[in-house]
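Engineer: Below is one structure. I have some questions about it.
Derivation of every value follows stated rules applied to the coordinates shown; laboratory data play no part. Keep in mind that this is a model prediction, so the values were computed, not measured. Cβ: placed from backbone, ideal geometry, glycine included. Neighbour counts: every protein chain shown.
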Amino acid sequence: MSEAPRTVTKKQARASIDHFGRSLAVYILLPLIVYYGSEYFFARFPGLTYNYSQDILGLLVSAIVLVIIPLTAFGLSSIFLHLNIGDYLKPAGISKTQQITLNSIGAVISISLYAAMSAIGLSSLSKGISYDFLGIFTSQETILCNILYILLFVILKPVSDEMIFRGTIQRQLGHYGRYFGVLASAFLYAIAQTNIVMMVPAFFTGWFLSHITLKYHSIRPAIRISIFIQIFYLVIQQIPERMIWLSVILIFMQFLLAGFGISRKALRLGFPMTGAAEWPLWKLLLTSSSILVCLFLFIAHIAAAIALL
């Protein structure tokens, strides 16, 4: 659904940005607290686990921190900004062939850039929280942990992220320029990553997802792409080193499907960028107080990761 252009002052624009910017700061800050403080918490306060395993409790806390709190915060932001996210949850009207092609392109972008970032040594900055139970189904607890992990990181978080970054942030910034909203939302998506090695892949994947959302006026295709990418990463990570050839085949298949779909014109991918790099709009965004807080958290995270090497 197209929206009528709005004329706003710089003060009004900054106030609108701060409505979602404060929620974005929460989105960035809370995972960082979990990222750096979880091991200390469980070691310092073992009695507060209430007989739950650390893995199960960690997943439940992650569900609150990564999904429930951000969705609540951005839901309130959407109300203040008069954004109806339901408009962007409507069917996109694309075929299964088009969706498969989009899924493959998204996976190719993400996995290729992730491999590139790892190859230049940035993986040492992204130790993060490890989940030793993944792929192990030897007890009821490990089965439950795997189910909770898939539900949280493969389904709920991708849906939450698309509603936040494409459904709210891109839409609001798109009021100042359609393609500025595309590029700026991708930039904010990148600095919101707690996994440093994923920042560059997140930027280009976010840029792709934002274009797709703008093209189809729906976040449904982007949600499906995001879920597919997470499934693809999960499958690749669970393949044993002795079967590395299988990973190569799966990745090659994604390149093949993406290339085949584009060559057969299963979908038309046009990426105009008119107005995306207008400095006045970027100055407005980057000088908003809440976005400055987000940038500070981003820089502090990189500094802390380097200090812990």
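Engineer: Sort 161, 55, 132 by Cβ crowding within 10 Å, fewest neighbours at the top. Don't jump to the answer; show the numbers that get you there.
Structural biologist: Numbers: 161 25, 55 20, 132 9.
Least to most surrounded, the residues fall as 132, 55, 161.
Engineer: Between residue 53 and residue 12, what FRET efficiency comes out of the Förster formula 1/(1 + (r/R0)^6) with R0 = 41 Å and r the beta carbon distance, rounded to 0.05?
Structural biologist: In this case the efficiency is close to 0.25.
Engineer: Note the full-extension length gain between residue 262 and residue 143 as 0.36 nm times their separation in residues minus their Cα-Cα distance, in nm to one decimal.
Structural biologist: My answer for the length gained is 38.9 nm.
Engineer: If you don't mind, another one. Using 0.36 nm per residue of separation minus the Cα-Cα distance, give me the extension gain between residue 271 and residue 151 in nm, one decimal.
Structural biologist: Details: separation 120, 0.36 × 120 = 43.20 nm, distance 3.27 nm.
Net length gain for the segment: 39.9 nm.
Engineer: May I ask you to sort 210, 78 by Cβ crowding, counting other Cβ atoms within 10 Å and putting the fewest first? Working shown, then result.
Structural biologist: On the way: 210 26, 78 22.
Sorted ascending by nearby Cβ count, the order is 78, 210.
Engineer: Evaluate the Debye formula for the chain with equal point scatterers sitting on the alpha carbons, no solvent, and hand back log10 of I(q)/I(0) at q = 0.08, 0.10, 0.14 Å⁻¹, in q order, two decimals.
Structural biologist: The computed values of log10 I(q)/I(0) come out as -0.37, -0.59, -1.17.
Engineer: For the chain, set up a Gaussian network in which alpha carbons nearer than 10 Å are linked by springs, and say which option among 196, 169, 262 fluctuates the most.
Structural biologist: 262
Engineer: Given the -39500 (n - 2.57) contribution per DSSP H run of 4+ residues, what per-residue ellipticity at 222 nm results for the chain, rounded to the nearest 500 deg cm²/dmol? Please list the in-between numbers first.
Structural biologist: Numbers: 13 runs with 198 residues, N = 309.
Helix contribution divided over all residues of the chain: -21000 deg cm²/dmol.
Engineer: So, R0 is 35 Å and r is the distance between the beta-carbons of residue 241 and residue 303; what FRET efficiency does that work out to, to 0.05? Could you put the intermediate results ahead of the total?
Structural biologist: On the way: r = 33 Å, r/R0 = 0.94.
Plugging the Cβ-Cβ distance into 1/(1 + (r/R0)^6) gives 0.60.
Engineer: Mind counting lysine pairs for me in the chain? Cα separation below 19 Å, and the two need to be 8 or more apart along the chain or on different chains. It would help to have the intermediate numbers written out before the result.
Structural biologist: On the way: 10/283; 11/283; 90/215; 96/215; 96/265; 215/265.
Eligible lysine pairs with Cα atoms under 19 Å apart amount to 6.
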